[in-house]
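Structure, as structure tokens:
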Amino acid sequence: MILESNIPTGSLAEKWDNHRFNLKLVNPSNKRKYHIIVVGTGLAGSSAAASLAEMGYQVSCFCFQDSPRRAHSIAAQGGINAAKNYQNDGDSIYRLFYDTIKGGDYRSREANVYRLAQVSVNIIDQMVAQGVPFAREYGGLLANRSFGGAQVSRTFYAKGQTGQQLLLAAYQQLSRQIASGQVTMYNRHEMLELVVVDGQAKGIITRNLVTGEIDRWASDCVVLCTGGYGNVYFLSTNAQGCNVTAAYRAYRQGAGFANPCYTQIHPTCIPVQGDHQSKLTLMSESLRNDGRIWVPKDSAITLQIRKGELSPNDVPEAARDYFLERKYPSFGNLAPRDIASRAAKEVCDEGRGVAPTGFGVFLDFRDAISRVGEKTIAERYGNLFDIYNRITGDTPLTSPHEMGGKRGVPMMIYPAVHYTMGGLWVDYNLQSNLAGLFVGGEANFSDHGANRLGASALMQGLADGYFVLPYTIGNYLAGTVGLSDAGKVKTDSPEFDIAEKAAQDKIKRLLANKTTGKASARYYHKQIGEIMWNQCGMSRSKDGLKQALSDISALREEFWQNVKVVGNENSFNQELERAGRVADFIEFGELMCRDALMREESCGSHFRVEHQFTEEDEEVKSGFLSAGEAKRNDEDYAFVGVWEYQGEAKEPTLQKESLVYEEVKFSTRSYK
């Protein structure tokens, strides 16, 4: 595997503009001769497919949902970042760039992050033009609010349903191209294999999830926008269908997988209620603008609250520990997600968690309601309060509500798996080490380092789809493929035979235990999720990760011997769908643990308990940091860890892309 980042020369601020000028172009009349496959219809996929079709390319777009609108981007709540500086509070492209580099704990590629900050200002204009109903101030100007890891207000939002409104706008553009015939849409098709011809991605194998039919699709290049792999933990804020299969199959075909251990734990989610749950529910980070996070100082008070003997509203102010405000006074409740999550875990581990399970802290709107009134708070977060009310029965508001639970009480939250910063390795052009394979949005690794700042996922997805891929894909088609080879690869080539057979063989293997199998795929999903959460979750250790690798190996063997998949392959079969995804999660979980074990440091969301600041460190003695903060090792681990598949039951090999910073300097993060 050869890793060429292809970062342009020149000053950071000029790299993208110069690079765009130097990219090869496809003549408008020739674009119709090229065929592009886009897999995934979230913000990155829908915007890429619509943009490429608008330019004149023939596009085939695939999603496993019954409609592109059901992509998980629709679940994003809080907002989208852009360096518009509408609040005149000191924001700029450079500040957004720096906040993102720092928030990612200096483990992201500098040039990609600067480009993201640059194009962020164009995204808002694009989405307003498409009709997104962003919140506005009284005078009609677009409103902003703050998100974690920033001291400016740069987040644009549409109430608490920003992702939904943005995806509907992108879907409208995609629908327009479908109607014009430039995009052929294939709903309910799941990608099972990537087809590589002479070292280049030239097509995919899919399964029709309604009929069970296996199909071949050839193209001049493939774009994967298939999201993240948070469901490897079983319980996450992701939709149940979110999976790693498309990205993992690309990895098995030679695409490098970068930083798989970088998984984000979101601090504000509704706590786990019991073993019956199949997913968790996000409560937007935007709530931390007005909500204050606290637990009792005394664990005895905590026990009274857990037993229902004491209302949290009756806990005196002096007995409350607003632990984020105490530990990080400069950022307070808007500390970055990785730091806020670990702080919540820390107080719960001390026995001060307020949920019946012991894993929960309060998010309290009492002071905000007192300051600006309940009506204003309800206008800002009403739909989020409705979601919380329908799930828990309670609400921070005092007005009557449907579910009849407690009124005027603090929300209860706890960290949960939400996003994955790791992904398929890409260069500056968002192209994998496999020529012709482009990766956009959460499926790639490029922008967020070891921790993503809030409201930056929507920004990256739309930046990749609208403002990066349309340029860089054209450069590949004009330079590497060439007009004479457009459409040259057909589905009757031997590479398609091999890929289809691999997909069919795996399906047959999954169905082999129909009569002898003892447990469902869901059972094994919960098993791998428990291993990953306990050993490769918010905190990791050398011994725990070694144990996880041993446990996953045994689980994989048991899975193939005992998984029971009912039904057959030639019809609608959701158990078969789940089993295929779980099989990939089990293998991928092993890769994540290998990556976490290799990285002997703590950075961002990757917290190795052996590597943290203690009372003996000068940074703690001086008050610059608190004990227990993540301790990076820039000398040995300032690189992107890229894993190369070596074959079934063989250890993957590690390749490294060094992270070289021209503009920023490595420094220890402090949010105090």
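The values are calculated or read from the model by the stated rules, or taken from the named source; none is laboratory data. These figures come from a predicted structure and were not determined experimentally. Every residue, glycine as well, gets a Cβ built from its backbone with ideal geometry; the counts of neighbours run over all protein chains shown. These accessible areas exclude ligands, DNA and RNA; they are computed on the full protein's heavy atoms, side chains included. Shrake-Rupley method; radii C 1.70, N 1.55, O 1.52, S 1.80 Å.
Take the stretch 153-180 and flag every residue that is among the small types (Gly, Ala, Ser), at pLDDT 95 or above and within 24 Å of residue 143 (Cα to Cα).
Pass one, the stretch 153-180, residues among the small types (Gly, Ala, Ser): 153, 158, 160, 163, 169-170, 175, 179-180.
The next check asks that each one be at pLDDT 95 or above; those that pass are 153, 163, 169-170, 175, 179-180.
Result: 153, 163, 169, 170.
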Looking only at the stretch 434-451, which residues are assigned to a loop (DSSP other than H, G, I, E, B) and in contact with a helix residue (DSSP H, G or I) (Cβ under 9 Å, 6 or more places away or on another chain)? 434, 436, 440, 446, 447, 448, 449, 450, 451
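How many residues, within the stretch 121-147, are of a type in the set (S, T, N, Q) and open to solvent by less than 10 Å² (accessible area, probe 1.4 Å)? Reasoning before the result, please.
So in the stretch 121-147, the residues of a type in the set (S, T, N, Q) come out as 122, 126, 130, 144, 146.
Pick out the ones that are also open to solvent by less than 10 Å² (accessible area, probe 1.4 Å) and you get none.
The number of residues fulfilling the criteria is 0.
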Restricting the search to the stretch 479-509, which residues are of a type in the set (Val, Ile, Thr), part of a helix (DSSP H, G or I) and modelled with pLDDT of 95 or more? 498, 507
When the stretch 71-90 is examined, which residues are found to be β-branched (Val, Ile, Thr) and within 18 Å of residue 121 (Cα to Cα)? 80
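So which helices (runs of 4 or more DSSP H) stay within the stretch 554-672 end to end and still have 3 or more residues that are in contact (Cβ under 8 Å) with a residue 40 or more places away in the chain?
Helices (runs of 4 or more DSSP H) meeting the threshold: 574-598.
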How many residues of the stretch 452-473 are part of a helix (DSSP H, G or I) and either among the hydroxyl-bearing types (Ser, Thr, Tyr) or over 28 Å from residue 100 (Cα atoms) (or both)? The answer is 3
Search result, residues across the stretch 635-662 that are among the charged types (D, E, K, R) and surrounded by 15 or more Cβ atoms within 10 Å (Cβ to Cβ): 644, 657
Only residues that are open to solvent by less than 50 Å² (accessible area, probe 1.4 Å) and farther than 26 Å from residue 56 by Cβ: list them for the stretch 189-220, please. 190, 192, 193, 196, 199, 205, 207, 208, 209, 212, 214
Counted residues in the stretch 351-385 being in a helix (DSSP H, G or I), under 22 Å from residue 298 (Cβ atoms) and in contact with a strand residue (DSSP E or B) (Cβ under 9 Å, 6 or more places away or on another chain) come to 3
Does residue 497 qualify as being free of Cβ contacts under 8 Å to residues at least 40 places away in the same chain, charged (D, E, K, R), more than 29 Å from residue 276 (Cβ to Cβ) and out of contact with any Leu (no Cβ under 8 Å at 6 or more places or on another chain)? yes
What single numbered condition from (1) buried (at least 23 other Cβ atoms within 10 Å of the Cβ); (2) among the hydrophobic types (A, V, I, L, M, F, W, C); (3) out of contact with any helix residue (DSSP H, G or I) (no Cβ under 7 Å at 6 or more places or on another chain) fails to hold for residue 391? (1)
